[in-house]
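Down below is the structure, laid out as C-alpha cells.
The values are calculated or read from the model by the stated rules, or taken from the named source; none is laboratory data. Since the model is a prediction, treat every value here as computed from it, not as a measurement. Virtual Cβ from ideal backbone geometry, glycine too; neighbours counted across all protein chains shown.
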Amino acid sequence: MEMQAKFQDKCVEILEECEQYDLLEKYEQATEEEKDSLAQQIVKLDFDFKGGLAEYCERARDLLNDSKMGVNPFGGFIPSVPTGINVEANSKEFHQLEAIGMSNMADACFVLVAGGLGERLGYSSIKVGLPLTLLDKELCYLKYYCEYIKAFESRVIVDLDEEEQKEFYIPLCIMTSGDTHEKTLALLQEKDNFGMKKDQITVVKQEKVPALIDNNANFSVIKGKLEIETKPHGHGDVHTLLHQHGVIQKWAKMEKRWVIFFQDTNALVFRALPSALGVSVRKDFDVNSICVPRKPGEAMGGIATLTNEAVNQKITINVEYNQLDPLLKASWNENGDVADKSGNSFFPGNSNIILIKVSTYLDTLDKTQGLIPEFVNPKYKDEEKEVFKSSTRLECMMQDFPKLLDKTSNVGFSCYERWISYSAVKNNIIDAAAKFDQGLSPECASTGEYSLFDCNARLLEMIGLNIEETNEEDLKDFQGIRIRDGAKIFLHPSFGVTLKEIREKITGENFISKKSILWLEGQETSIHDLHLDSTLVTSADSFEVGGEYNDQKYIEYVPLDPTEEGFDELDEVIKIRGFRLSVPEEFDDLNIISN
C-alpha cells in the first residue's frame, strides 16, 4: 500500500507539472484501482521519455502553437542543390569506392530500425521475420542482414592477428517497439543470433508517448477508461536510445568510426554499402545519406542544402516531398521541383539509409542528451485550427539528425540507381497494384523478391556472364503487378560482398537461360564454363560450379487467383506475393515455401 501511495503521489505531481487539469479532475473522481493503474502508466511514461512528460508537454504547446499560426519550419532558409556523389555501378569510381569501403569496414557498426509489424503487408508477424524469397523459408530479412555483417567480418578479419580475430566483431544494434520487441528477441533466441557472437547484437526498445487532444497539449484518454492513449514517437528515437543505453559510447571505446543506419525490409542496400562507406571516407562526410534518383514531384523526400544567413545556419537535410516544392518555388526556381538533363529532380530521393561519423555522432548527442528535433502534424476540423479531427503527438525522424549539426559540418549524399540500392517492402498487394497502375514503385513482397533477383542478374551481366533476355511474352501478372519473369539469381552474402570479388570468381564462358534458377553460396564457391537451363542451388562453403545443366527442371513462379479453391489455406507469405512456386519433386529437400 505504501508503494501504491507513492506512485499515486508521483502521478499527481507529474500531472500538475504537465498542467493536465482535466485529467487530474477525472483522477480525483476515480476508484482506487483506476488511480493505481493510471499512476503506474504516468510514472512509466515520465521515466521512459527523455526529459520527462513536463518537457514533452512544454515542447508540444510551442509546436502546436506554431502549427496553428502557420509558422513555416523552413522560413528564412534558401534551398540549394546538395553536395554529393552519383555512384554508377561497375564504373572505375565504383570499384575504387568499394575498395576504400571494405578497407574501413572493420571500423563500422550497424543499426537496424525494426519497429514495424507486417500488418500493412498482410503479414501478421514482425517485418524482419518475413522470408526474403519463397526459395528459402529460413532466410528472413533479419537473417540476411546478419549474414551480410558476418560476410563483411570474414573479409576484414584476415588483416588481424590471431588474438584480435577472437575478439573482433562488427556490432549490430536493433531498435524494436512494443509491437515487435518480444518477437524479435524470440527470433534471435530461436535462431541463436543467426551465428553472431553473444555480445555482438544489442536490442533497444522504443516506447510510445502520450497522444494529445488539443492545442493545450491535454492528454487523450481512451474512451471508457482512465488510461492515456499512446502513439509512436517516430524512428528518430533511435538516436536517443543509442545514447541513453550507452551503445554509441561503447562503440566509440571500441574505436569504431562509422555507424550505418538501415531499414527493416530493403535487402538491396547492402550491395551499395561498401562503396557508400568509401564515399564517407573519401569525402570525410560527417553524415552521408544514401539516395536514389527521384522524379520531380514524386512522393519521396528530397535531400537539399538549406541556408539561413540571418542566423548563420546551413544544413543538408531531407525535406518531405509536400514541403519541398513550395520551398523551391519560393526561393530557388519559380517552377519548383523541376527536372535536370536526365529527367530527374535536382534533389535526390531519401532512402533513409544514413552513414554517420561516430566522433561527430557522439559529440552531438552528448550536447543534446540524445534528443532529436520534433514536429507535430495535427489534422484540424475547423478553419480556426482549434479542434483536432483525431489525437496527435510529437514525432521525430531519424533523418533529421543533421539539424543538430553546426554550419561547419560536412554533410552530403551518395546517389545510386534504385536497382542496386533500394526496393522496400511496405505495401499489401492491393495497394501495390494501385501504385503500379500509377506508374509508381509497388514496394511490396513480390517486387522485393524479384528486384533482388534482378540486381544479382545485372551484376553478373556487368562482369560478362550471358543471361538470356526476357521479352513481352515473359510478363506475368501477379494480381495487378506485372513483372518480367526472367532468370532468378541469388548471390548469398557469403559468395561475395563486392563486385570485384564476384568478378574474380567467374571465369570462362557462362550462360543462364531465362527460366533458370541459380543460387550461389559460400566464400570459396566459383563458376567456370557453366551452361544452365535448369535449377541449381549450392550451399557448400566450397563448390566449383561448371558444366552443363540442361534438364529443364524449373521451379516456376505461378500467379495466384484469389478466387481459386484453396487460396485461403495458403501460407500468408505466399498470398502477400501474388504467386506460388511449382516445384519438381527433385527439389523437395530444399527449404522452399510451396503451400
Next on the checklist: Checking PHE495 against (1) modelled with pLDDT under 95; (2) of a type outside the set (Gly, Ala, Ser); (3) in a loop (DSSP other than H, G, I, E, B), only one condition comes out false. Which one?
Outcome noted: (1)
Item to check | Condition met for THR447 (of a type in the set (S, T, N, Q), without any contact (Cβ under 8 Å) to a residue 60 or more places away in the chain and in a helix (DSSP H, G or I)) | outcome: yes
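Considering only residues of the stretch 175-184 that are surrounded by 15 or more Cβ atoms within 10 Å (Cβ to Cβ) and not in a helix (DSSP H, G or I), which is modelled with the lowest pLDDT?
Ranking the candidates gives ASP179 first.
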Checklist entry - Given the conditions (1) surrounded by fewer than 20 Cβ atoms within 10 Å (Cβ to Cβ); (2) at pLDDT 95 or above, and given that ASP568 satisfies all but one, which numbered condition is not satisfied? => result (2)
Checklist outcome for this item: Residues of the stretch 576-595 being under 26 Å from ASP431 (Cβ atoms), out of contact with any helix residue (DSSP H, G or I) (no Cβ under 7 Å at 6 or more places or on another chain) and either outside any loop (DSSP other than H, G, I, E, B) or modelled with pLDDT of 85 or more (or both), in sequence order, are LEU581
Checklist entry - When LYS575 is evaluated against the numbered criteria (1) farther than 30 Å from LYS127 by Cβ; (2) surrounded by 15 or more Cβ atoms within 10 Å (Cβ to Cβ); (3) not aliphatic (A, V, I, L, M), which criterion, by number, is the only one it fails? => result (1)
Checklist entry - Looking only at residues in the stretch 287-333 that are of a type in the set (A, V, I, L, M) and touching a Lys or Arg at 6+ places or on another chain (Cβ under 9 Å), which one is nearest to SER80 (Cα to Cα)? => result LEU306
Item to check | Pick from the stretch 280-319, criterion surrounded by 15 or more Cβ atoms within 10 Å (Cβ to Cβ) and acidic (Asp, Glu), ranking: farthest from GLY412 (Cα to Cα) | outcome: GLU298
Checklist entry - Which is in contact with a Leu (Cβ under 6 Å, 6 or more places away or on another chain) and modelled with pLDDT of 95 or more, of LEU187, LEU134? => result LEU134
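Residue-wise test of (1) surrounded by fewer than 22 Cβ atoms within 10 Å (Cβ to Cβ); (2) in contact (Cβ under 8 Å) with a residue 12 or more places away in the chain; (3) aromatic (Phe, Trp, Tyr).
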residue	(1), (2), (3)
PHE74	yes, yes, yes
THR83	yes, yes, no
VAL87	no, yes, no
ASN90	yes, yes, no
ILE100	yes, yes, no
ASN104	yes, yes, no
PHE110	no, yes, yes
ALA114	no, yes, no
Checklist outcome for this item: Counting only helices (runs of 4 or more DSSP H) entirely within the stretch 229-331, those with at least 1 residues that are farther than 23 Å from SER342 by Cα and modelled with pLDDT under 90 are 321-331
Checklist outcome for this item: Within the stretch 212-257, residues being small (Gly, Ala, Ser) and surrounded by 19 or more Cβ atoms within 10 Å (Cβ to Cβ) number 4
Checklist entry - Out of LYS6, LYS44, which single residue is surrounded by fewer than 16 Cβ atoms within 10 Å (Cβ to Cβ), of a type outside the set (Ser, Thr, Tyr) and more than 24 Å from ASN216 (Cβ to Cβ)? => result LYS6
Checklist entry - Does ILE149 satisfy being surrounded by 15 or more Cβ atoms within 10 Å (Cβ to Cβ), farther than 24 Å from GLY496 by Cβ and in contact with a strand residue (DSSP E or B) (Cβ under 8 Å, 6 or more places away or on another chain)? => result no
Checklist entry - Looking at GLU461, GLU395, which one is part of a helix (DSSP H, G or I) and either in contact with a Gly (Cβ under 6 Å, 6 or more places away or on another chain) or assigned by TED's automatic domain parsing to the domain that holds ILE481 (or both)? => result GLU461
Checklist entry - Counting only residues that are without any contact (Cβ under 8 Å) to a residue 40 or more places away in the chain and touching an Asp or Glu at 6+ places or on another chain (Cβ under 7 Å), how many does the stretch 129-173 have? => result 1
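Every residue in the stretch 233-272 that is acidic (Asp, Glu) and either assigned by TED's automatic domain parsing to the domain that holds SER441 or more than 28 Å from THR498 (Cβ to Cβ) (or both), please.
ASP237
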Checklist entry - Which residue pairs have Cβ atoms closer than 9 Å, lie 6 or more positions apart in sequence or on different chains, and pair a first residue in the stretch 188-210 that is closer than 30 Å to GLU58 by Cβ with a second residue that is of a type in the set (Lys, Arg)? => result GLU207/LYS44; LYS208/LYS231; LYS208/ARG393; VAL209/LYS231; VAL209/ARG393; PRO210/LYS231; PRO210/ARG393
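Mind checking which strands (runs of 3 or more DSSP E) fall wholly inside the stretch 511-573 and carry at least 1 residues that are among the hydroxyl-bearing types (Ser, Thr, Tyr) and touching a residue at least 40 places away in the same chain (Cβ under 8 Å)?
Where strands (runs of 3 or more DSSP E) fall fully within the stretch 511-573 and carry at least 1 residues being among the hydroxyl-bearing types (Ser, Thr, Tyr) and touching a residue at least 40 places away in the same chain (Cβ under 8 Å), they are 535-537, 556-559.
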